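In what follows, a single structure is set out as structure tokens and then discussed.
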Amino acid sequence: MASPMSAGDFLAVLQREGLQVVQVGDWRHHNRNHKGPWGEVHGVMIHHTVTSGTDLTVRICRDGFEALPGPLCHGVIAKDGEVHLVGYGRANHAGLGDDEVLRAVIAEKALPPDNEANTDGNRCFYGFECENLGDGKDPWPDAQLEAIERAAAAICRYHGWTERSVIGHLEWQPGKTDPRGFTMASMRARIRDRLK
């Protein structure tokens, strides 16, 4: 459990982890905080976008849709590994998920099955949308997987969390499939090794 870091610290920790970061517009003040609090924060959530093309993906994740206003995450991780910061604060990325999963993330224990949607995840997770069609066929380039690893590790390092504080959307909300194309177990192993 922790208070969210400042936007300046967020940028700094990503850059310190060796990531190429693109700042999109006034990302530091683009959020959904008027809809409820952001924090305490407990972890990092990874998504896929079901989009193709970095420019389109970044625009959608920044602006959202009529039914789901942006930002839809804090950062977009492109195929080339660049991280595009589109918002900071409460973002429409996690939605309602399982309170038992949240308790496991806080305790940094093995995750139970997600079978409820009763807890506001937008309040308590950093979110990264990763450019991918999510069809199980669209490739995940090494540069992108490494950027996901580095971004999650940077946040965990700042807050003193282990890799168990990093989850996929599919582990949080029943019916979600993202990220599809790699396992969260394999990603957590990469993050664990990076944090050593």
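The values are calculated or read from the model by the stated rules, or taken from the named source; none is laboratory data. Keep in mind it's a predicted model, so treat the numbers as computed, not measured. No Cβ is skipped: glycine too gets one built from the backbone with ideal geometry, and neighbour counts run over all protein chains shown. Side chains included, ligands, DNA and RNA excluded: accessible areas come from the protein's heavy atoms. Shrake-Rupley method; radii C 1.70, N 1.55, O 1.52, S 1.80 Å.
Taken over region 21-51, the residue count meeting the criterion of being part of a loop (DSSP other than H, G, I, E, B) and either touching a helix residue (DSSP H, G or I) at 6+ places or on another chain (Cβ under 8 Å) or open to solvent by less than 80 Å² (accessible area, probe 1.4 Å) (or both) is 13.
The numbered conditions (1) of a type outside the set (S, T, N, Q); (2) open to solvent by 20 Å² or more (accessible area, probe 1.4 Å); (3) closer than 21 Å to HIS169 by Cα; (4) out of contact with any helix residue (DSSP H, G or I) (no Cβ under 8 Å at 6 or more places or on another chain) are all true for LYS79 except (4).
Would you call ASN115 polar (S, T, N, Q) and open to solvent by 20 Å² or more (accessible area, probe 1.4 Å)?
On the way: polar (S, T, N, Q): yes; open to solvent by 20 Å² or more (accessible area, probe 1.4 Å): yes.
Against the criterion (polar (S, T, N, Q) and open to solvent by 20 Å² or more (accessible area, probe 1.4 Å)), ASN115 qualifies.
Here are some residues: GLY89, GLY97. Which one is buried (at least 18 other Cβ atoms within 10 Å of the Cβ) and either of a type in the set (Asp, Glu) or out of contact with any strand residue (DSSP E or B) (no Cβ under 9 Å at 6 or more places or on another chain) (or both)? Outline the logic, then answer.
Values: GLY97 fails: either of a type in the set (Asp, Glu) or out of contact with any strand residue (DSSP E or B) (no Cβ under 9 Å at 6 or more places or on another chain) (or both).
Residue meeting the stated conditions: GLY89.
Residues in region 1-20 that are open to solvent by less than 40 Å² (accessible area, probe 1.4 Å) and touching a His at 6+ places or on another chain (Cβ under 9 Å): ALA2, MET5, ALA7, PHE10. Looking across region 120-149 at every residue that is assigned to a helix (DSSP H, G or I) and of a type in the set (A, V, I, L, M, F, W, C), the one that is farthest from LEU72 (Cα to Cα) is identified as ALA143.
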